[in-house]
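Single-structure report; data block below.
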Amino acid sequence: TFVMSQIWVVVFANHQEKLIAGFSFEAMVWYVFITELILTSQPQIILTLGEEIKSGNVAYILTKPYSFMAYYFHFSFGRTLVTMLIKVLFGVAVLSWFVALSNITFFTILATIIAVILALMLNFMIAGSISLFAFWLEDVRSMRFIYQKIVFIFPDLLNQKRFKKYCIKEQNKG
């Protein structure tokens, strides 16, 4: 988070306006914090489910009167929430020391919590689907590696595309 926030320090230092594409420096640092929080708080569900399938333990779990995927979803979600709570308490304390907590309302916090929960659910659905390939493939680590790289790169690409549109618009003004 520190390295990514330093990138935004340089970007905002080289720009005359306080907002870039509608975002302030503080908003971008909090955005980086939230995305890093989501990415680093989740257990390695692809490896866990892949190993359960590869080892044959899935046959034992499937005989239970509950859903295999629902069991691992709740296991993953509970573990993620505990990890996130610890990181949020520490991260908010540290970040609020360096960056202002401006324009944060109850609605902002509620919308952020809903967005994080939906992101965790979406990630589990994709990761769970990838892990089910272990029924056909010997190992799902390579697929996990590819998915992990897509998750790390894709949000930044969307942000860069939006930033690029803004820069082109600003250049055409002048």
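Annotations for the structure displayed:
- Accessible area (Å², per residue) of segment 9-88, counting only protein heavy atoms and a probe of 1.4 Å: 57
- Taking the average, over residues, of other Cβ atoms within 10 Å as the packing measure, peptides 70-76, 108-114, 44-50 rank 44-50, 70-76, 108-114 from highest down.
- Computed from backbone phi with θ = phi - 60° and the Karplus coefficients 6.51, -1.76 and 1.60, the 3J(HN,Hα) list for segment 128-134 is x, 5, 5, 5, 5, 5, 5 Hz; x is used for glycine and proline.
- Heavy-atom accessible area ranking, 1.4 Å probe, most first, across VAL92, VAL10: VAL10, VAL92
- For the peptides 52-65, 130-143, 30-43, the ranking by packing is 30-43, 130-143, 52-65, with the highest mean count of neighbouring Cβ atoms within 10 Å listed first.
The values are calculated or read from the model by the stated rules, or taken from the named source; none is laboratory data. This structure is a prediction, so every number in the text was calculated from the model and none was measured. Cβ: placed from backbone, ideal geometry, glycine included. Neighbour counts: every protein chain shown. Only protein heavy atoms, including side chains, enter the accessible area calculation; ligands, DNA and RNA are left aside. Shrake-Rupley method; radii C 1.70, N 1.55, O 1.52, S 1.80 Å.
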